[in-house]
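I am attaching a structure below and will ask some questions about it afterwards.
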Amino acid sequence: MLPTGRFFDVVTVDERVGVETFDQLLRRGLPFGPTLLDHRARRVGFFLGSQSLKDFTHYLTREEGTPPAYRYLGRGSVVVVPGPMPMSGDRYEWLRAPTRRPMANPLRPVALATMLVAAAELLARVDRYGERYPSAASLARNAIERASTDAG
């Protein structure tokens, strides 16, 4: 366990939103730091520089969409991190391991806040689509019905 708040803070989110956020940050080349996955709790933790809460919440509230539920771990909290030698079946896993000398980047809270909201909105849209079209067959039926209505 490592104490948060002195050298780094951690934002944790639900695994589904976290993995999508991680993927978006990575694919877009946005700045972000170490990221861990807790398999049992099904949560992803994003490391930020210490005392990033103010910037993070500022940019999170500026986004148009609804931010996902998150926990901000700052001074007085602790985080469990993966061990130095990954083992199969470990509860904790680095999605992006820390480097020896992590570079401080003031844009990390901005990028994380932006992509968290974007990922949550994307997943909500996917869920709504899945409710409307629970299978490929229902999507095809709907398209055929629309085509026959338009033709008739």
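Does at least one position in segment 57-64 carry a residue that is in a helix (DSSP H, G or I), surrounded by 14 or more Cβ atoms within 10 Å (Cβ to Cβ) and out of contact with any Pro (no Cβ under 7 Å at 6 or more places or on another chain)?
Taking segment 57-64 first, the residues in a helix (DSSP H, G or I) are 57-62.
Restricting the remaining residues to those that are surrounded by 14 or more Cβ atoms within 10 Å (Cβ to Cβ) gives 57, 59-60.
The next check asks that each one be out of contact with any Pro (no Cβ under 7 Å at 6 or more places or on another chain); those that pass are 57.
For segment 57-64, residues in a helix (DSSP H, G or I), surrounded by 14 or more Cβ atoms within 10 Å (Cβ to Cβ) and out of contact with any Pro (no Cβ under 7 Å at 6 or more places or on another chain): present.
How do the pairs read when you match residues in segment 89-112 that are in contact (Cβ under 8 Å) with a residue 60 or more places away in the chain and within 14 Å of residue 48 (Cα to Cα) with residues anywhere that are open to solvent by less than 80 Å² (accessible area, probe 1.4 Å) and not in a loop (DSSP other than H, G, I, E, B), using Cβ under 6 Å and keeping only pairs 6 or more apart or on different chains?
96/35; 108/48; 109/48; 109/55; 109/56; 112/46
Something else now. Is it the case that residue 100 is surrounded by 13 or more Cβ atoms within 10 Å (Cβ to Cβ), of a type in the set (Lys, Arg) and either modelled with pLDDT of 90 or more or under 25 Å from residue 9 (Cβ atoms) (or both)? Walk me through it before giving the result.
Numbers: surrounded by 13 or more Cβ atoms within 10 Å (Cβ to Cβ): no; of a type in the set (Lys, Arg): yes; either modelled with pLDDT of 90 or more or under 25 Å from residue 9 (Cβ atoms) (or both): yes.
Answer is no for this residue.
A further question on this structure: Filter segment 71-109 down to the residues that are in contact with a strand residue (DSSP E or B) (Cβ under 7 Å, 6 or more places away or on another chain) and charged (D, E, K, R) and list them by number.
Those that are in contact with a strand residue (DSSP E or B) (Cβ under 7 Å, 6 or more places away or on another chain) and charged (D, E, K, R): 71, 91, 93, 96, 108.
With respect to residue 71, is the statement that it is outside any strand (DSSP E or B) and either charged (D, E, K, R) or buried (at least 16 other Cβ atoms within 10 Å of the Cβ) (or both) true? Full working, then the answer.
Details: outside any strand (DSSP E or B): no; either charged (D, E, K, R) or buried (at least 16 other Cβ atoms within 10 Å of the Cβ) (or both): yes.
No: the conditions fail for residue 71.
The values are calculated or read from the model by the stated rules, or taken from the named source; none is laboratory data. Source: prediction; values computed, not measured. Counting neighbours? That spans all protein chains shown, and the Cβs are built from the backbone with ideal geometry, glycine included. Note: areas computed on protein heavy atoms with side chains; ligands, DNA, RNA excluded. Shrake-Rupley method; radii C 1.70, N 1.55, O 1.52, S 1.80 Å.
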